[in-house]
Every structure is written in structure tokens, then in C-alpha cells.
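All of the numbers you see were taken from the coordinates with simple rules; none came from a lab. What you are looking at is a predicted structure, and each value in this text was computed from that prediction instead of being measured. Here the Cβ positions follow ideal geometry from the backbone for every residue, glycine too, while neighbour counts run over all protein chains shown.
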Amino acid sequence: MINKLVIANRGEIAVRIIRTCKKLNIQTVSVYSEADKHAPHVKMADESYLIGPPRVQESYLNAEKVIAIAKEAKADAIHPGYGFLSENAGFAKQCEQAGFIFVGPRSQVIQKMGNKIEARSAMKEAGVPIVPGTEDAIVTVEDALLHANQIGYPVMVKASAGGGGVGMQVVYKEAELAEAFTNNAKRAQSLFGDGAMFIEKKIDNARHIEVQVLADTYGNTIHLFERECSIQRRNQKVIEEAPSPFISEATRLEMGEKAVQATKALHYTNAGTIEFLVDEEENYYFLEMNTRIQVEHPITEEITGIDIVEKQLEIASGKRLNLTQQELSIQGHAIETRIYAEDPSTFFPSPGHIDIFQPPKGDGIRNEIAVGTNYDVTPFYDPMIAKLIVHGKTRDETIALLKEALGQYKVTGIKTNISMLLHVIEHEQFKAGNTTTNYLELYYK
């Protein structure tokens, strides 16, 4: 088993990983920037090392410094969490070459799935449906116009190396395409070092539904059912739930089987997520694969009783999965809301000093927290300050519990999106399960 783990991350996911490490008697090493010297993950770890100035390029994205700290701390493994270096194939390779266990898939698989054009091709070969679109990279506006006309508007212009909603845009008519293609290609080149683009057909009234998978190094692969992640702003998830209130049991079974099929075809190991777009007739299409733990993993843990971080660490340590698909079942319903330090109307970040931070408490309520009372939210990082997860026997019961829990929150000194979250879950369309990716555009005015 892993003895000492460096957590190459910050915030609530670092705290989350430390919690499971304590359960498994794994020593933990936190890294922190100058802006995070008072952060909870720094205090909780057995050891903590300053990694650099506040800017991510000089701290949490500094792969060489992470490796150096791991060597200094005499650690034997590195967990990247999500974001930052988590899907950086180069970093994973550096860990492998330096002799550290990387808690995630092999670097070659991260590389393949990080390139969305390659990922589409791999999924098609594995027998997984993909959204109609271009097979190869598009480098000129002329080619983009040609392919978009063949596919039919509206289309999605996407950066092959993009992520988190960056480098993608819906284009509704030919007159808008040239500008959208050029701007997103430039942005992708600037942020990811790769300006390759591709075009997909836009699926109207789509749902964003993903399947959690686990795979060990012995070929054992299972799925932990699906999560509905359709409520988004700026192509980033805000509310997630498990299971999906939309798909039928037959579609659930089929999507799970396809996700396992794809995972095996990739010779994938550790935790991962196959993301799908699902149309109104329950046709589903591969969107992307996240080769890391997801922000929304707690709702899957709640409905399965499985600690996904624990499984990550066990698999990375060379242990076999001690679960079979037949042993798994869905237990109740779970919903996660992301609590952001942001204006609930404009969604602009709201950094500042938190005077009071009081999360809700009670049966069925789980908090994953990155801040506290008398704490500074800096402008340097993602504005998510906490996650609220609730678990009930039914979806209706869970929504009622979520409303109660959100109402208990007390945060002063900064703006948060809590009022927006309450507005969403109190809406009749949400209660009915009509949660498509354009939900906020339609129902949050």
C-alpha cells in the first residue's frame, strides 16, 4: 500500500483526499502557494511545503517543483486531484520516470483522452456512439465553413485540447462561424499550446450525463452508475445528481455497459468518467473522458457506499478491485450543489474576506469545504469554496432536504450563488427533472 502521498492540489479536494488517507493510515504531504498558507489542507496534512507565489503557473502548475517536493518528503506517490496537473500527460510521465506512483491512469492514456479528436476516434473504434462531426483537426476557416455546412447548423466549435468549457462555442449560422473559429483557436493555442479545432453537431435540448468507472491493473472494470450534470453556467457544472431523473433503466444499463467497454478498450486503470450528451429520445453520444476524479464524485459515493478516493489509492497500490458489477446497486438519491464565491446574477467571481462561514448540519447532509470563518477568498483560483451534498431515499425527499440545507447556510463578507441554487431547485421544471444544458438560460432570469 502507498505509505506517503503528496497531494498536488488545494482546496476541498485536497482536504477530501487527506480524510481518506487518514482512514488508510497513509501519511500526507500538502503543497501550498503563498496565498494558501492558512488554507485547511495545509493544517490537516502531516507535512506541508510552500510551492511558490499565488499565480498557478508559479505554484500548483509547477510540475518540477511538485516532483522536487515529493523527493524531499520521501513520498512514494502523488495524487493530482482535479484541475491543475491532473490531466497533464507530461506531469504523469514525469511522476512515472521519477519513480513515483501516479494516482491515475498511465500517461499514454491521459495523452490520448486529452486530445478530443483522438478521443472521438478511440471511442468510435470501441463501439461507443459519438456526436456527428469532423474526424480530423480543422486548421482553416475555409475548412470549418465547409464542414459546418455539411454537418448542418447549429454546430459546436471545439478546441481539441480544451477543457472546462474553454475553447468551445455554439454557432447558429454561417455568418458567425469565422469569428468563433478564429477566436477559440487563438484562445486554445494560448492556454493549451494547441490550437487544433473540430466541429460537432449541436444536440438540441441535450442532457449531460456521465458514467463513473473504476478499473484495476488486472483487467477488472466496473461502473458506478451515472450522474446527471446538465445544470451549468459557462459550460461548467453547478448542480449534479445521481441517478439521472431522465433516463430509463434500459438506457442506464446500456450506457454503463458502453462505458465499461470503452474503458477496457483503452486499457484504462484507476478512476475515470465517460461523459455523454443525451438527446430527448435517450440517444447518447460520447462527449469526453475525464482521466481523474471528478468534482461531483461524492454523489456517486452516497448512492453506492463506495469511497472512490480509497479505490483510487488501492488500485494505484496494485490491489485488485474487490467489487463486482453484480454486487452494486443504487441506494436512494443524491444531489450536489457547488457553492461559489460569485455574484448570483452575473456569475462574476466575488473574492474577499469571509467574516462568517457556517455550513448546514444534519442527517443526510455532507459538506466538502475549502474555506472557513475569518478566511480570505483570493482572486487567484477557481471561486468554488464548498460543495453541499445531500442524500435521501427518493428524489423528492432529497430536493426537500437540499432546500432546507441551503437555507441553513450563513456566509457573510462575500457574495455567493446560494440564492441562485435555491431558485433552481424550487422551480417546477427542476422538480420535474427537466434539466437540460440550457436550463439556466431558460429558467433563471
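Placing +1 on the Cβ of each Lys and Arg and -1 on the Cβ of each Asp and Glu in the chain, which of Tyr444, Pro383, Ser33 has its Cα farthest towards the positive end of the resulting dipole?
It is Ser33.
Using unit Cβ charges (K, R positive; D, E negative) and no other charged atoms, how large, in debye to the nearest 20, is the dipole of region 323-390 about its Cα centre?
Numbers: 4 positive and 9 negative charges, 28 e Å.
So the dipole magnitude of region 323-390 works out to roughly 140 debye.
Starting from the amide H of Ile385, placed 1.01 Å from N in the peptide plane, find each other amide H under 5 Å away whose residue is 5 or more places distant or on another chain.
Here the answer is Ile339, Tyr340, Ala341, since their amide H atoms fall under 5 Å of that of Ile385.
Quick one: pull the percentage of alpha-carbon pairs in the chain with a separation above 31 Å. Before the final figure, lay out the partial values.
Details: 39484 of 98790 pairs.
Value for the chain: 40 percent of Cα pairs lie more than 31 Å apart.
Taking 0.36 nm per residue of separation and subtracting the Cα-Cα distance, what length does fully extending Glu125 through Glu179 add?
Result for the pair: 16.2 nm of gain on full extension.
Once fully extended, how much extra length lies between Thr324 and Asp396, figured as 0.36 nm per residue of separation less the alpha-carbon to alpha-carbon distance? Don't skip to the answer; put the middle values down first.
Details: separation 72, 0.36 × 72 = 25.92 nm, distance 2.99 nm.
Value of the extension gain: 22.9 nm.
Which of Val295, Val238, Val141 moves most in a GNM of the chain, Cα contacts under 10 Å?
Val141
Among the lysines in region 1-139, how many pairs, 8 or more places apart or on different chains, have alpha carbons under 22 Å apart?
Lysine pairs meeting both conditions in region 1-139 amount to 28.
Whose amide H sits under 5 Å from the amide H of Ile130, counting only residues 5 or more places off or on another chain, with H placed in the peptide plane?
Phe286
Rounded to the nearest 0.05, what FRET efficiency do Ser345 and Leu24 give with R0 = 41 Å and r taken as the Cβ-Cβ distance? Could you check?
On the way: r = 43 Å, r/R0 = 1.05.
Calculated transfer efficiency: 0.40.
Which residue, chosen from His353, Ile110, Ala262, occupies the Cα position most advanced towards the positive end of the dipole of the chain, where the dipole is computed from +1 (Lys, Arg) and -1 (Asp, Glu) charges on Cβ about the Cα centre?
Result: His353.
Stretch Ser419-Asp355 to full length: gain in nm at 0.36 nm per residue minus the Cα-Cα span?
21.2 nm is the gain from fully extending Ser419 to Asp355.
If you take all C-alpha pairs in region 170-251, what percent of them are over 21 Å apart?
Numbers: 1835 of 3321 pairs.
So the pairs more than 21 Å apart make up 55 percent of the total in region 170-251.
Who wins for biggest fluctuation among Lys387, Lys71, Lys116 in a Gaussian network model of the chain, springs between alpha carbons below 10 Å?
Checking each option, the largest mean-square fluctuation is seen for Lys71.
With springs only between Cα atoms under 10 Å, which of Ala250, Ala35, Ala180 fluctuates most in a Gaussian network model of the chain?
Taking springs between Cα atoms under 10 Å, the residue moving most is Ala250.
Taking the Cα centre of the chain as origin, sum charge times position over the Cβ atoms of Lys and Arg (+1) and Asp and Glu (-1), and report the length of that vector in debye to the nearest 20. If you can, show how the numbers build up before the last one.
Working: 47 positive and 59 negative charges, 222 e Å.
Computed charge dipole of the chain: roughly 1060 debye.
Around Gly413, with a cut-off of 12 angstrom between Cβ atoms, what is the net charge of the other residues, counting Lys and Arg +1 and Asp and Glu -1? Please report the intermediate quantities before stating the final value.
Working: positive: Lys410, Lys415; negative: Asp355, Asp376.
Result for the local shell: 0.
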